[in-house]
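Here is the structure we will look at, set down as structure tokens.
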Amino acid sequence: MQADEARYLKRKVKCGSIDVHPTEKALVVNYELEATILGEMGDAMLGERKECQKIIRVKNLNENTDLTALSHEIIDKCKLISPSKLPEIEQLLYYLQNRKESSPPKASGKTQLSDKPLEPALTDGTELDEEANLNDTDDYLELLYEDIPEKIRGAALFLQLARNPDNLEELFHNETIVGALARVLKEDWKRSTELATHIISIFFCFSNFSHFHGVILHFKIGALCMTVIDYELKKYDLWNDEIQKKKRNIMEKEEKIRAKEEYDKSVKKFESVVKKQEQLLRVSFYLLLNLAEDLKVEMKMRNKGIVMLLVKSLDRTENSELLMLVVSFLKKLSIFIENKNEMAEHCIIERLAPLVPCDNEDLLNISLRLLKNLSFDSEQRSKMIKFGLLPKLVSLLNNENHKLVVLGILYHISMDDKAKTMFTYTDCIPVVMKMLFDSPEDTDKELLALCVNLAANKRTAEIISEGNGLKMLFKRAFRFKDPILMKMLRNISQHEGFTKNLFIDYIGDLIEAMMHKSHEEFALECLGVLGNLTILELNYEMIIKEYNLITWIKSKLQPGNQADDVVLEIVILVGTVCNDDSCAKLLAESGIIQSLIELLNAKQEDDEMVCQIVYVFYQMIFHESTREVIIKQTQAPAYLIDLMNDKNTEIRKVCDNTLDIIAEYDEEWSKKIQQEKFRWHNSHWLEMVESRQMEDNNESYLYGDEGINPFLHDTDILDRPELFYGTTGFDPVMMMDGHLTPEYIDDNGLYNGNPEFMMPSGNLYNVRYSGEFEPYIRPDTQLGFIVDGQAVDEYGRPIGMYRPPSIGDYQQMYSKGNLEDDYIYSSYAYQR
């Protein structure tokens, strides 16, 4: 594009989603900016589209702020936000107003943690002047038939006996005692919280041993406990509402002193009854947790709403022991997707967020493990970021008690493309890189997995590469010959910009490692890095000659000589060096084209291999120095014609681009290509014509040839492409599907100035195959991450669009673009 031809600049802004900032009091507005340079006639000469973010900080937001007025002010000042989004802005501001800012805990050394909740303190409320005796059970049984005070005393005596495991067998065989306790609980649990607590505690003692579960289930104690829990939670809500109402009345009443005294008295009473209620809830939940050892019983609990009861109990943040039990129960249930979905419906992430971090190390650890189970769900990962958990998790990386669990959660979050950018707003990258460089040779797999994912994002890769970051990564990778660390470098090398140029200093080391046979997996990743280095300023010809790469490449391309993944990376490397005209000429003269054709015959069922080989043909035909060799001296055009109608979309696209150039420079191949396209697009019509000819020929034997004018009797239909292209406006050089060679496109991107023949721009895979011929664009094959749910091969390459190549000798699998077997993660491999 000439500078004097540009006349106008057209800018178009499209607003996207609006979210809260993970760490600050601010709103994040996502929008898309599209800029187009127009010529004198108003035609588009150059365009660019970019995703942007605008951060609107509301530092003065407090509990007294008028959210409606603030929302109007934000919409008036920010033209990116539509007035129709006023309710959404108010809701986000309300969340920011109520979000609690938690200071990160200090780093601590590793201590012994317990993943089992403490048993209820059964002595609370059971101290009596007398000591229970197993021989007096008949007297205690009589008390269960008296009034409430006597029933409480009798239940407390039985609880004293049940606390001794040696007495449980004797009590269990006395069906009268067990039946009486179950009857009293069923009839009187609403009348006395203390009585219900004593009796449920007795059955809890039985539930600690699996062979007593039968009698507990027989009397339906589990179902009764769920009824009790549901009732108590509703009663707590009523009490809390009453307290809040009295608190508001203090400001409204004239006698504020008296109202304050009544409020203080009510609060003390409220705290007293809540303490007793939490003891009842704790022993009830613990009994249910013990019974849930049987999956059938657990399923019945789930059907009766145990998940909802547990999630509601997370609001009782004052009692860490109750929370420890509730979170442990939820973690056990979360290994099943149905339970996880129900937890999500009840906003479990929002309720768990205040628990991270907390002073109780055991509670914090079990909460993080529950979050790890939930983080397998992409929607829950998004909520973790929304409710500000990402910076909190990063702050826990220095805590040895929780480091591995936190790394696992961050690894899962980093699988989402949008979430990767959010890591740049935290200290995660510097902390993770320090942990990586300080770790011994046997680095934690979770840490390496997180690094591999972060390197797949351009912005995070730039932060990693700043200073001596890339140099230290190369030094460590070559020192330990670590293939996973080289995989991280490979992901960094795929990004355009200054990071790619930093790899030039290490090309010699990469080539030597690539040609070394002792570390095959490491060599394969080095080969992948070299395949990514599409740098215009790089002198590939000198590199090839210095290291004698042509001989090495030809030896590796022989079918059956190497594993498929190695051969594929070599083909990608050939496509990369063919960007250079002189290198393409060297390779063509060395006979590599014939080796690629033989490989194409041998691997024709492997779509990814075929696509990359065809891309090499495209690169060589693009250069004038090698175009003649491809067209005249090889059968590559014939193979391209065969692949022109392949089922794989990407193969068809690159074939079309390549055949367009061939057709322009060779009339014979141009005619063959037209005939094949005509045959393919009219195959059904040709079948009808052929069948009609056969019928006419059969009739000629019955009636003779007189008066019969056979349809297209002695002509070749394929010699008449005007039947397909039309008789007017037919340009034999212009190919189908709108494909044009670079010589036919003017400076405005138009065919002879006609916008009707403008090349199609964009496709499903970004700018891989645009309308214009761009010699430095290749099919994507070695991304270090992929979209959620897409299958990959052992080196992280997507195989959804291609048939999977042979795994060969490598069994290190990637899940969603990340390590699976070594990382201990699978699609729903939750920890118990």
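Residues that are within 41 Å of the chain's Cα centre (by Cα), at least 2 per element: which helices (runs of 4 or more DSSP H) completely within region 191-304 meet that?
Values: elements: 193-207, 213-218, 221-252, 256-291, 295-303.
The helices (runs of 4 or more DSSP H) meeting that bar are 221-252, 256-291, 295-303.
Scan E293, E278 and give me the residue that is modelled with pLDDT of 90 or more, open to solvent by less than 70 Å² (accessible area, probe 1.4 Å) and not polar (S, T, N, Q). Can you show your working first?
Working: E293 fails: open to solvent by less than 70 Å² (accessible area, probe 1.4 Å).
None of the other options fit; the residue is E278.
In this structure, does Y31 turn out to be touching a Cys at 6+ places or on another chain (Cβ under 9 Å), at pLDDT below 85, closer than 27 Å to R381 by Cα and of a type outside the set (G, A, S)?
On the way: touching a Cys at 6+ places or on another chain (Cβ under 9 Å): yes; at pLDDT below 85: yes; closer than 27 Å to R381 by Cα: yes; of a type outside the set (G, A, S): yes.
The answer is yes for Y31.
Residue under question is A477, and the condition is that it be without any contact (Cβ under 8 Å) to a residue 60 or more places away in the chain and either touching a helix residue (DSSP H, G or I) at 6+ places or on another chain (Cβ under 9 Å) or part of a loop (DSSP other than H, G, I, E, B) (or both); does it hold? Let's see the steps before the verdict.
On the way: without any contact (Cβ under 8 Å) to a residue 60 or more places away in the chain: yes; either touching a helix residue (DSSP H, G or I) at 6+ places or on another chain (Cβ under 9 Å) or part of a loop (DSSP other than H, G, I, E, B) (or both): yes.
Against the criterion (without any contact (Cβ under 8 Å) to a residue 60 or more places away in the chain and either touching a helix residue (DSSP H, G or I) at 6+ places or on another chain (Cβ under 9 Å) or part of a loop (DSSP other than H, G, I, E, B) (or both)), A477 qualifies.
What's the number of the only condition in (1) at pLDDT 75 or above; (2) open to solvent by less than 70 Å² (accessible area, probe 1.4 Å) that S114 fails to meet?
(1)
How many of the residues making up region 359-388 are touching a strand residue (DSSP E or B) at 6+ places or on another chain (Cβ under 9 Å), open to solvent by 10 Å² or more (accessible area, probe 1.4 Å) and not in a helix (DSSP H, G or I)?
The number of residues fulfilling the criteria is 1.
Just for region 400-443: of the residues that are open to solvent by 20 Å² or more (accessible area, probe 1.4 Å) and basic (K, R), which one is nearest to L470 (Cα to Cα)?
The qualifying residue nearest to L470 (Cα to Cα) is K434.
Of the numbered conditions (1) at pLDDT below 95; (2) surrounded by fewer than 17 Cβ atoms within 10 Å (Cβ to Cβ); (3) acidic (D, E), E345 fails exactly one; give the number of that condition.
The number of the failed condition is (1).
Select from region 46-69 the residues that are touching a residue at least 24 places away in the same chain (Cβ under 8 Å), open to solvent by less than 100 Å² (accessible area, probe 1.4 Å) and under 29 Å from the mean Cα position of the chain (by Cα) and write down the one among them that is farthest from R459 (Cα to Cα).
For region 46-69, the residue satisfying everything is I56.
If the Cβ limit is 9 Å and pairs must be 6+ apart or interchain, which residue in region 668-679 that is in contact (Cβ under 8 Å) with a residue 24 or more places away in the chain pairs with which residue that is surrounded by fewer than 18 Cβ atoms within 10 Å (Cβ to Cβ) and of a type in the set (F, W, Y)?
Taking only residues 6 or more apart or on different chains, the pairs are Q674/Y725; F678/Y725.
Can you tell me which of (1) assigned to a helix (DSSP H, G or I); (2) modelled with pLDDT under 95 is the one R183 doesn't meet?
(2)
Starting from region 83-98, keep only residues that are assigned to a helix (DSSP H, G or I), then list their pairs with residues that are modelled with pLDDT under 85 and among the acidic types (D, E) whose Cβ atoms are within a distance under 7 Å, requiring at least 6 positions of separation or different chains.
Q97/E63
If P391 satisfies all but one of (1) closer than 28 Å to Y236 by Cα; (2) surrounded by fewer than 23 Cβ atoms within 10 Å (Cβ to Cβ), what's the number of the condition it fails?
It is condition (1) that P391 fails.
Helices (runs of 4 or more DSSP H) wholly in region 411-466 with at least 2 residues that are in contact with a Ser or Thr (Cβ under 8 Å, 6 or more places away or on another chain), free of Cβ contacts under 8 Å to residues at least 60 places away in the same chain and among the small types (G, A, S) - which ones?
On the way: elements: 417-422, 428-438, 445-454, 458-465.
So the answer is 458-465.
So which residues in region 74-92 are within 16 Å of V20 (Cβ to Cβ) and among the polar types (S, T, N, Q)?
Passing the criteria: only Q91.
Just checking, how many residues over region 646-671 are over 23 Å from G575 (Cβ atoms) and either surrounded by fewer than 18 Cβ atoms within 10 Å (Cβ to Cβ) or touching a Ser or Thr at 6+ places or on another chain (Cβ under 7 Å) (or both)?
Initial filter on region 646-671 (over 23 Å from G575 (Cβ atoms)): 667-668, 670-671.
So of that shortlist, the ones also either surrounded by fewer than 18 Cβ atoms within 10 Å (Cβ to Cβ) or touching a Ser or Thr at 6+ places or on another chain (Cβ under 7 Å) (or both) come out as 667-668, 671.
So the count comes out to 3.
The values are calculated or read from the model by the stated rules, or taken from the named source; none is laboratory data. Not measured: the values here are computed from a predicted model. Here the Cβ is made from the backbone with ideal geometry for all residues, glycine too, and neighbour counts use every protein chain on show. Surface areas here come from the heavy atoms of the whole protein model, side chains and all, with no ligands, DNA or RNA. Shrake-Rupley method; radii C 1.70, N 1.55, O 1.52, S 1.80 Å.
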